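Peer 1: Dumping the structure here so I can ask a few things about it.
The values are calculated or read from the model by the stated rules, or taken from the named source; none is laboratory data. Predicted, not measured: the structure shown is a model, and the values here were computed from it. Heads up, the Cβs are rebuilt from the backbone with ideal geometry, glycines too, and the neighbour counts pull from every protein chain shown.
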Amino acid sequence: MRICLIVDCYLPSTKSSAKLISDLAGEFAFAGHSALVVTPDDTLRGGCSVSETGGVTVLRVRSGRIKGASLVKRGLNEAMLSWVIWRGGRKYFRENPCDLIVFYSPSIFFGAVVRRLKKLWGCGAYLILRDIFPQWAVDAGVLRRGGPIWKFFRRRELAQYASADIIAVQSPANLEYFQSPELAGKYRLEVLYNWTRTSEPDVPECTYRSDLGLGGKVVFFYGGNIGVAQDMDNIVRLAENLADLRQVHFLLVGDGSEVPRLKELIRARRLDNIHILPAVGQKEYLGMLGQFDVGLISLAGNLTTQNIPGKLLGYMYYSMPVLASVNPGNDLKGMLESHQAGLVSLNGADGELADQARRLASDGRLRETLGTNSRRLLEDVFSVKKAVAQILRSAADIVR
């Protein structure tokens, strides 16, 4: 079977979606299927390029800049994605039909191109829904519900859902979003957990611990987007609350809209136990994970949609215990606690979060036990082999 995967970025991007789709496409290829990844790329000079790596064909289509662009420019360029992908790739699409479309959200702007491809190929489409947007932006105070910008995004959200034959959300709690009167009963839904390979190719050795003078310290590590939805003030407050523990350090690695403000906040509070470094390449990031002690997760407390961040997979792969501060109702809390893979509190419970961090900092045996359990959780629930098997089983009746 030939499977087309559509995503808003791909390797060498460091975004979790790029790694997720790379692992998924590779596993499809390993299982004997032909995998085509379609992605926009603002670095191309021409209209499109086609390459092959690891048995996966990658079609990159020239687009406007999205990552790192201003909010207005990003919004405009992202809104054009369907048109850009169709214009740049239509000749290739006509000559290389596929039997199934698997597309990843974010972005919410793939609905139009998915409808065109479904009509062209006579096939079905499986939506992997990871961010429920614009709802999370309303929760975070970035958008006003009912305003013209919200209405525009809402129309695109609903159009994307309508283009899918199956919608796969990332946690059971996300199913509740589709029980509202406007959405209930309209879609075929299922839960598809995030995934990763349980074995990685060799990664380069890193010397960050020694380079940053962190030898002998317990390092709490965060890797990923640093934006409003993550409420990283949460982690800055945690570092301030643990400032008396000289053996503890907080290292945040990533890009995002909140980075400049957080750096200024750290400077203003004269905190020397927390640093923010820019995002690094995928292999370098994996090398960093293997060096540090505790994986951090932070989610804004006012979010009403639930998600299990992709960064969790990297933590679990390297047997890192997890320290998480999440929004109410998030499935991640019960999952980590039932598997004894980490310590979890609700966002805003600063005292509890600080107490949990102190326990992890002072008890090496606890870190080891929780880390072993986190790796076991990865293998039991989040393997890419399970994800591919589920997608193929669920999509059997919509395949061309």
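Peer 1: Looking at (1) crowded, with 19+ Cβ neighbours inside 10 Å; (2) without any contact (Cβ under 8 Å) to a residue 40 or more places away in the chain, which one does Leu129 not meet, given that it meets all the others?
Peer 2: In the conditions (1) crowded, with 19+ Cβ neighbours inside 10 Å; (2) without any contact (Cβ under 8 Å) to a residue 40 or more places away in the chain, Leu129 misses (2) alone.
Peer 1: Just the residues that are more than 17 Å from the chain's Cα centre (by Cα) and either surrounded by fewer than 24 Cβ atoms within 10 Å (Cβ to Cβ) or aromatic (Phe, Trp, Tyr) (or both), please, taken from the stretch 284-317. Spell out how you get there, then give the answer.
Peer 2: Restricting attention to the stretch 284-317, the residues satisfying the condition of being more than 17 Å from the chain's Cα centre (by Cα) are 284, 287-288, 290-294, 301-302, 304.
Listed by number, the residues that qualify are Glu284, Gly287, Met288, Gly290, Gln291, Phe292, Asp293, Gly301, Asn302, Thr304.
Peer 1: Can you go through Ala125, Ala112 and tell me which one is of a type in the set (Gly, Ala, Ser), under 24 Å from Gly26 (Cβ atoms) and at pLDDT 95 or above?
Peer 2: Ala125
Peer 1: Name the one entry in Ser51, Ser63, Ser82 that is closer than 29 Å to Leu392 by Cα, at pLDDT 80 or above and touching a strand residue (DSSP E or B) at 6+ places or on another chain (Cβ under 8 Å).
Peer 2: Sole residue among the options that is closer than 29 Å to Leu392 by Cα, at pLDDT 80 or above and touching a strand residue (DSSP E or B) at 6+ places or on another chain (Cβ under 8 Å): Ser51.
Peer 1: What strands (runs of 3 or more DSSP E) completely inside the stretch 1-112 contain at least 2 residues that are aliphatic (A, V, I, L, M) and surrounded by 16 or more Cβ atoms within 10 Å (Cβ to Cβ)?
Peer 2: Answer list for the stretch 1-112: 2-6, 34-41, 56-62, 100-105.
Peer 1: Would you mind stating whether Met320 is among the aliphatic types (A, V, I, L, M) and at pLDDT below 90?
Peer 2: Working: among the aliphatic types (A, V, I, L, M): yes; at pLDDT below 90: no.
The answer is no for Met320.
Peer 1: Out of curiosity, is Ala159 of a type in the set (Gly, Ala, Ser), without any contact (Cβ under 8 Å) to a residue 60 or more places away in the chain and in contact with a helix residue (DSSP H, G or I) (Cβ under 8 Å, 6 or more places away or on another chain)?
Peer 2: Against the criterion (of a type in the set (Gly, Ala, Ser), without any contact (Cβ under 8 Å) to a residue 60 or more places away in the chain and in contact with a helix residue (DSSP H, G or I) (Cβ under 8 Å, 6 or more places away or on another chain)), Ala159 qualifies.
Peer 1: Quick test of your reading of the structure: Leu143 fulfils all but one of (1) without any contact (Cβ under 8 Å) to a residue 12 or more places away in the chain; (2) surrounded by fewer than 18 Cβ atoms within 10 Å (Cβ to Cβ). Name the failing condition by number.
Peer 2: It is condition (2) that Leu143 fails.
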